[in-house]
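Enquirer: Encoded as C-alpha cells, here's the structure I'll be asking about.
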Amino acid sequence: MDPLLNYAIFFVTIAGIYAVWTLALNVQWGLTGLFNIGIVGFVAVGGYTSVLLTIEPSATFGGGLGLPLAVGFIGAMLVSAVLALLIGLITLNLRADYLAIATIGIAEIVRLFLKNEEWLTNGVRGIGGVPRPFADLGPEGMALANMVLVLLSVLVIFLLVERARRAPWGRVLRAIRENELTVLASGKTVKSFRLQSFVLGSALMGLGGALYAHFVGFISPEAFVPLQTTFLVWVMLIAGGSGNTKGAVLGAFIIWGIWSGSQIVTGWLPPELATQAGALRMGLIGLLLVLVLLFRHEGLLSEEDQRRADIARQARRNGG
C-alpha cells in the first residue's frame, strides 16, 4: 500500500476513535454540564474489558474467553456504564467539583489496578495478540475495513446523540445545565437525568476504548494516559463547539490533525531538542486552546448555530 494512503487510513481511524470519545463527552458536558475529567479511566476499562472477553486463554493473565468481537464491544460498554453508575450514585447529588474529583480518583484507581493486578491484566507488560477485526483480509484490507468500522461507529453514535439532543430528554438535559432549580420546580428528577447522561457518555467512552485496543492490537496501562485521552478530548470538544454534535466531530478531526502534524514538525528539531518535543507539542495545543477561548469561546460550530438550524428545520417542517 502507498505510504501516504496508509497514513491517511491510520489518521482517519484514530481521529474517528477520538470523535467517539468527544461525542461521549458532549453528552456529559455539552448537554448536561457534567465535569468529567477522568475520561481515560472509562476508556481503559472499556479497552481491557473487550480484550479480556475476546482474546484466547493465556497462562499470564485472566479472562481469555475467546468470545466474538461484538460481545467484547457490548461488554466494554456495559462495564463502563456500571462503573459510571456507581460513581454517579455517590457524587451526582453533590456540587460539580465533587464529580470532577471523583472521576480523577477513579481514573487513577483504574490505572493502578491495571498496572498492579498482573493476574488479570499482565501488568505493565501488557497484552499482545489482541484480536483485530477483519484480520483475514490481510494487512491492507484489514486497515481499510477497520477504518470503515470506526467511521460507521461514529456515524451511528452521531445520529443517536443528535436524535437524543433534539428529543425531550435532550431538552431536559440542557435545561438542567442552564438552571437546575427551574427543572426541579417543574417536577423533573434532576439526579435521574444527570445519571442517565453520565452513564450513557461513559458507555460510549468504553466503546471507544474497545475500538482503540482492537485497532492497535496491543494494550497496556501505558497506552492510557490523561494527556492523550482526557486533556486532548476536552480540547477537541471546546475547539469544535461544546453542545454542538457536529462541532464535537469536527473538533476531533481538526485537533488530531494538529497533534499529528506537530509530531512531524518536532521531528525536524535538532537532536539536542528532541527530548523537549513532547513539551513543545503540549505547548502548541495549550496555545491553541487559549486562542479559541479568547477569540471563539463558543467553538468553531457553536451551540447557538445548532439551535438556529433546529429552528429553521422546524419552520420548514411546519410550512410543509
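Enquirer: Among the residues of the stretch 232-242, are any more than 20 Å from ILE74 (Cβ to Cβ), open to solvent by 20 Å² or more (accessible area, probe 1.4 Å) and assigned to a helix (DSSP H, G or I)?
Expert: Yes, because at least one residue in the stretch 232-242 is more than 20 Å from ILE74 (Cβ to Cβ), open to solvent by 20 Å² or more (accessible area, probe 1.4 Å) and assigned to a helix (DSSP H, G or I).
Enquirer: Something else now. Given the residues ALA70, ALA107, ALA8, ALA100, which is the only one that is in contact with a helix residue (DSSP H, G or I) (Cβ under 6 Å, 6 or more places away or on another chain) and small (Gly, Ala, Ser)?
Expert: ALA107
Enquirer: Return yes or no: is ASN26 of a type outside the set (A, V, I, L, M, F, W, C), at negative phi, touching a Lys or Arg at 6+ places or on another chain (Cβ under 8 Å) and touching a residue at least 60 places away in the same chain (Cβ under 8 Å)?
Expert: Criteria not met by ASN26.
Enquirer: In the stretch 204-222, which residues are open to solvent by 10 Å² or more (accessible area, probe 1.4 Å) and within 27 Å of LEU173 (Cα to Cα)?
Expert: Correct list: LEU204, LEU207.
Enquirer: Does the stretch 3-22 contain any residue that is assigned to a helix (DSSP H, G or I), closer than 23 Å to SER192 by Cα and touching a residue at least 60 places away in the same chain (Cβ under 8 Å)?
Expert: yes
Enquirer: Look at VAL43 and say whether it is part of a helix (DSSP H, G or I), over 16 Å from the mean Cα position of the chain (by Cα) and modelled with pLDDT of 95 or more.
Expert: So VAL43 does not fit the description; no.
Enquirer: Right, ARG163: outside any helix (DSSP H, G or I) and either without any contact (Cβ under 8 Å) to a residue 40 or more places away in the chain or in contact with a His (Cβ under 8 Å, 6 or more places away or on another chain) (or both) or not?
Expert: So ARG163 fails the test.
Enquirer: If we keep just the residues of the stretch 90-124 that are open to solvent by 80 Å² or more (accessible area, probe 1.4 Å) and either among the aromatic types (Phe, Trp, Tyr) or touching a Ser or Thr at 6+ places or on another chain (Cβ under 7 Å) (or both), which is farthest from GLY62 (Cα to Cα)?
Expert: Top of the filtered list is TYR98.
One line per residue, one yes/no per condition, for (1) in contact with a strand residue (DSSP E or B) (Cβ under 7 Å, 6 or more places away or on another chain); (2) farther than 24 Å from ARG174 by Cα; (3) open to solvent by less than 80 Å² (accessible area, probe 1.4 Å):
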site: ARG281; (1), (2), (3): no, yes, yes
site: GLY286; (1), (2), (3): no, yes, yes
site: VAL290; (1), (2), (3): no, yes, yes
site: HIS297; (1), (2), (3): no, no, no
site: LEU300; (1), (2), (3): no, no, no
site: ALA309; (1), (2), (3): no, no, yes
site: ALA312; (1), (2), (3): no, no, yes
site: ALA315; (1), (2), (3): no, no, yes
site: GLY319; (1), (2), (3): no, yes, yes
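Enquirer: Filter the stretch 60-104 down to residues that are of a type in the set (D, E, K, R) and outside any helix (DSSP H, G or I), then give me how many there are.
Expert: Count: 1.
Enquirer: Name every residue in the stretch 175-202 that is closer than 30 Å to ILE127 by Cβ and buried (at least 24 other Cβ atoms within 10 Å of the Cβ), in order of residue number.
Expert: Matches in the stretch 175-202: PHE198, GLY201, SER202.
Enquirer: For the stretch 109-123, how many residues meet the condition of being touching a residue at least 24 places away in the same chain (Cβ under 8 Å) and under 23 Å from the mean Cα position of the chain (by Cα)?
Expert: Residues flagged as touching a residue at least 24 places away in the same chain (Cβ under 8 Å) and under 23 Å from the mean Cα position of the chain (by Cα) within the stretch 109-123 amount to 6.
Enquirer: Still on this structure, I have one more. Given the criterion open to solvent by 60 Å² or more (accessible area, probe 1.4 Å), at pLDDT below 80 and of a type in the set (D, E, K, R), identify the matching residue among GLU272, GLU304.
Expert: It is GLU272.
Enquirer: Is there a residue in the stretch 127-147 that is within 18 Å of the chain's Cα centre (by Cα), touching a residue at least 40 places away in the same chain (Cβ under 8 Å) and outside any loop (DSSP other than H, G, I, E, B)?
Expert: Checking the stretch 127-147: at least one residue is within 18 Å of the chain's Cα centre (by Cα), touching a residue at least 40 places away in the same chain (Cβ under 8 Å) and outside any loop (DSSP other than H, G, I, E, B).
The values are calculated or read from the model by the stated rules, or taken from the named source; none is laboratory data. From a predicted model like this one, the values you see are computed outputs, not experimental measurements. FYI the Cβ positions are ideal-geometry reconstructions off the backbone, even for glycines, and counts take in every protein chain you see. Quick note on the areas: whole protein, heavy atoms, side chains included, nothing else; ligands and nucleic acids left out. Shrake-Rupley method; radii C 1.70, N 1.55, O 1.52, S 1.80 Å.
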